[in-house]
1. Taking the square root of 5 times each eigenvalue of the Cα gyration tensor, what semi-axes in Å does the equivalent ellipsoid of region 9-320 have, largest first?
2. Over all directions, how big on average is the projection of the convex hull of the alpha-carbon atoms in region 151-223, in square nanometres?
3. One quarter of the convex hull surface, Cα atoms only: what value does that give for region 56-162 in nm²?
4. Once you wrap a convex hull around the alpha carbon atoms of region 250-304, what is its projected area averaged over all directions, in nm²?
5. Region 88-148: Rg/Rh from Cα coordinates, Kirkwood Rh?
6. Among ASP142, ASP224, ASP200, whose mean-square fluctuation peaks in a Gaussian network model of the chain (Cα, cutoff 10 Å)?
7. Which percent, nearest 5, of DSSP beta bridges in the chain are antiparallel?
8. Number of Lys-Lys pairs in region 9-320 under 15 Å by Cα, sequence gap 8 or more or different chains?
Amino acid sequence: MPDASHTSTALWPDFFTRELAAQPSFDESELTRKLAAQLSLSEPLAQSLSNLYQPLAAHCASSKGQSTYVVGVNGAQGTGKSTAASILKLLLESVHGLTVTALSIDDLYLSRAARAELARDIHPLLATRGVPGTHNLALALDTFTQLKAAGAQQLTPIPRFDKSQDDCLDENLWDKAQGRPDIIIFEGWCVGARAQRSSDLAEPVNTLEKEEDADGRWRQFVNDALADYQALFAQIDLLVMLKAPSFTQVLEWRQLQEQKLRDSLSTEQLQHSRVMTAADIERFIAHYERLTRWMLSEMPARADIVLDLAENHQVADIHCHVNR
């Protein structure tokens, strides 16, 4: 997650801090305790992260109109996008009194059985979750449609995926969102991504592509699928990017992320889980390398807000392409 210990509101443009100054008053100590407990953080770190994201929350609150406002949070593995989404949700609810639904693109993966079918019929690499084409796009679009049109008492099922089992959770374990949310926070590693030109797919970017996708069939399928995702991404009103310093750093952070998952499981759970080893992670992350490198190069110029992360996870700079 981003370490905000040396980040202040000074990194945000003036109009963000003006919006922050206009936000409702609240008990900061209580909010910090709540945030620390919810995310298992130390109170000093919770306070720093709250300070970092308060201007963004104030901006989202002031930008929201009558319809549901969608905030997309993009970031490679290990950048802290799920933490950012949780903090933003808590701030919007606790400080601004808004109703917020958080949804991760990771919870929209196809089932292991469905991916096995893709692997058999199209390409073996599609058994691995993550790349465009391995999500249930129809379910994603339907969930957004239901949320945006929900009546006050209507319950919308929110899909959930169990990464430790590499499969969808049973539907009776999904969360339920009541009514139409003021804001949807939609986070994920490829949220807001655009397809590459077909000519850019010719050369493999790593050993995985060179040896297991020699004819380029897998990467062409992924790129074609991403074009279909644009109908989903078009619903985003504000795109926030947590920008990693490099793909090499992403690999290191992803290894730390898997270690946290491993540490969260009991010995018995670990024996029956699909938690990955370091070698597994290196191969797994290779599936994401092409699109991650592409997003790192092209997305910063068009994302509405870019949080530049240093190697130690500190936010080094904030770039905004939002006019006020």
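Each value in this text was obtained by applying a stated rule to the coordinates, not by laboratory testing. No experiment lies behind these values; they were computed from the predicted model shown.
1. Working: eigenvalues 198, 96, 87 Å².
Semi-axes, largest first: 31, 22, 21 Å.
2. Working: hull surface 31.1 nm².
So the mean shadow area of the Cα hull is 7.8 nm².
3. Working: hull surface 32.0 nm².
In nm², the orientation-averaged hull projection of region 56-162 is 8.0.
4. The number I arrive at for region 250-304 is 4.9 nm².
5. Value, to two decimals: 1.18.
6. ASP200
7. Values: 12 of 33 bridges.
Bridges in the chain that DSSP calls antiparallel: roughly 35 percent.
8. Details: LYS34/LYS89; LYS64/LYS89; LYS64/LYS148; LYS81/LYS89; LYS81/LYS243; LYS148/LYS176; LYS163/LYS260.
Number of lysine pairs found: 7.
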